[in-house]
Amino acid sequence: MNAEINESAPSYATAKAFCYTSAFWMMVATFYGLLGATELVAPDLTGNLGHIVFGRVRPTHINLVLFGFVTPGLLAAAFYYIPRLLGTRLFSEKLGVFTAVAWNLALATAVITLAMGMTQGREYAELIWPIDVTVVAAFLLVFFNFIMTVRQREEKVLYVSVWYVLAGCILTACTYALGNVIWRPNSGALVGIPDAILLWFYGHNVFGLLLTPLSAGVAYYVIPRATRSPLYSHTLSLLGFWSLLVVYTHIGTHHLLQVPVPTWLKVVAIVDSIAMVIPVMAFLINIWYTAKGKLGEIHADIGAKFVFTGTIMYFFVSIQGSFMALPDVQRVTHFNNWVVAHAHIGVLGFAGMIALGGLYYTIPKITGRPLFSRFLADFQYWMILIGMVGFTIVLTIAGLIQGNAWLNGETVYRVLPEIHAYYVTRAGLGLMIFSSAVLGFYNVVRSFQTRSGGRP
Ligand code: HEM
Ligand code: HEM
């Protein structure tokens, strides 16, 4: 495949395709979240229809938020900024658009097969073998497109965002194949405890070696640009990058502290979960010092505002995560809604916010005109922020009730009525987040399609 070299302005067709992908699947994903939350409030409401029982809705929600909304949103920005950082064009827009189409087909097939009950039944690795193969191929194609762009670059220095994106794509292709035991198409699993260890090696790498580096890449691009400031420290960015790779790869077993895995492995996972403070703070100090004294500029740019808020959430979720890896803490927080709260701070508050920031920063650059509606984007920002913080409060309280009841040997049927009000509130907040996703999709579509100038 040859690079498309012509003199006209770049089309950014791939970035555009991934913007649409992210905004569309955010709607579908949050709808599934809302459906699941409603079923937890009123289990009989959907009449136990097979295609939408909770056990099928939940994995659909999770796979769609991870691979439909957040990852494509972060990639959309990368398909814009990587060529710019390298002083060249994307190696192949055709290949990029082809990848986006294959990606969407995989997502649509995932929704249908999960609804039909076709699952490999392992959390975060539910998808059946043909979809697994497509996902791995898609990550490899994205990596190939980026690495070939690096090869034809004009700019000698490889800025840290490029490092993060390249690492995120190639490592995910590898860990996805490993975690989904892709060499066993029928079961997609090993047997017993080794399977659990491998699964969670992969499971936490989805957050640590996919969402985190892609989000860091966007933040490292958007914040210096929006504030018109040089990055605070190149050395810190290197420290953050390498320590993330070294430390994160060892922490998956912190999901299995209540499981009979070897003690030495738990110790490694716990120690490295605490050591995560190194990559986290190296990244955050770097970004925050870059933005120091420039909060006005961040506030003025809706993309940067989403991204900066995402970095604050990264601080909270990571500090919380390090504590959750301590066995004494996890005795209360494991197996309940505390973890679901943590998951939404991380995947929505941190990576999702940065993905949306990437979209809203990138779209005006691609189209050459303002967003269709800055007001709608701002409105979406507040709906998500309020919804996400609300989730955190109600799910954390519900989790503490459940965790303490578990420790005290309380029976489940007595605990469920106690957390009912929190489930109802969560469903209400979820409706708000889902509505914001619909508004966001409308804003994205109109921003691309409105020909003459956008609205303020
Ligand atoms: C220093 C960083 C972090 C540490 C030490 C950490 C630690 C943990 C621990 C110990 C658990 C398991 C809790 C349990 O089952 O009892 C967990 C779950 C989880 N974490 Fe984190 N976390 C960190 C950052 C993040 C980030 C940045 C994200 C998202 C991008 C994230 C997403 C999740 C999710 C989705 C789960 C739920 C997994 C499940 O379905 O059981 N975490 N985390
Ligand atoms: C785009 C925004 C969202 C993201 C990134 C997201 C992410 C996630 C993740 C990672 C999990 C797995 C949690 C775990 O296993 O610990 C999860 C579960 C869940 N989410 Fe979301 N979510 C989002 C929006 C929503 C919305 C709007 C709702 C509606 C209320 C919702 C409801 C749920 C429910 C009910 C579960 C299952 C919890 C359980 O198993 O008890 N989510 N979500």
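The values are calculated or read from the model by the stated rules, or taken from the named source; none is laboratory data. Note that the structure is a prediction, hence the values are computed from the model and not measured. All Cβ positions, even for glycine, are placed from backbone atoms using ideal geometry, and neighbour counts span all protein chains on display. Surface areas here come from the heavy atoms of the whole protein model, side chains and all, with no ligands, DNA or RNA. Shrake-Rupley method; radii C 1.70, N 1.55, O 1.52, S 1.80 Å.
Among 332-345, 178-191, 196-209, how do they line up from the highest to the lowest mean number of other beta-carbon atoms within 10 Å? Spell out each step's value before the answer.
Numbers: 332-345: 20.3, 178-191: 15.8, 196-209: 21.8.
For the peptides 332-345, 178-191, 196-209, the packing ranking is 196-209, 332-345, 178-191.
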- Task: Can you spot the aspartates and glutamates whose alpha carbon is less than 14 Å from Lys266's alpha carbon? Ignore those fewer than 8 places along the same chain.
- Result: Asp328
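Probe radius 1.4 Å, ligands and nucleic acids left out: which of Thr411, Thr30 has the largest accessible area, and how do the rest follow? Intermediate values should be presented prior to the final figure.
Values: Thr411 65, Thr30 25 Å².
Correct descending sequence by accessible area is Thr411, Thr30.
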- Message: Students often forget the sequence filter, so: which lysines lie under 28 Å Cα-Cα from Lys94 once same-chain residues fewer than 8 apart are removed?
- Response: Lys16, Lys156, Lys365
- Item | Cβ-placed point charges (K, R +1; D, E -1), dipole of region 317-456 about Cα centre in debye, nearest 20 | 760 debye
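Order 116-125, 47-56 from most to least packed using the mean count of other Cβ atoms within 10 Å. Write out the running numbers ahead of the final one.
Details: 116-125: 16.4, 47-56: 13.1.
With the highest mean Cβ count within 10 Å placed first, the list reads 116-125, 47-56.
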- Express the accessible area of the chain per residue in Å², computed with a 1.4 Å probe while the remaining protein chains stay in the model. 41 Å²
- Query: Mind checking which helices in the chain clear 30 Å along their axis (Cα) and have mean Kyte-Doolittle hydropathy of -0.5 or more, DSSP H runs only?
  - Reply: 13-41, 93-115, 129-151, 302-324, 374-407, 412-449
- Note on the structure: For Glu154, the accessible surface traced by a 1.4 Å probe with all protein chains present amounts, in square angstrom to the nearest 10, to 140 Å²
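Rounded to the nearest 20 Debye, what is the dipole magnitude of the chain about its Cα centre when Lys and Arg each give +1 and Asp and Glu each give -1 at the C-beta? Present the calculation step by step, with values, prior to reporting the outcome.
Working: 26 positive and 18 negative charges, 218 e Å.
My answer is approximately 1040 debye.
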- Message: If the reach is capped at under 21 angstrom between alpha carbons, list the lysines near Lys292, excluding any in the same chain fewer than eight residues apart.
- Response: Lys305
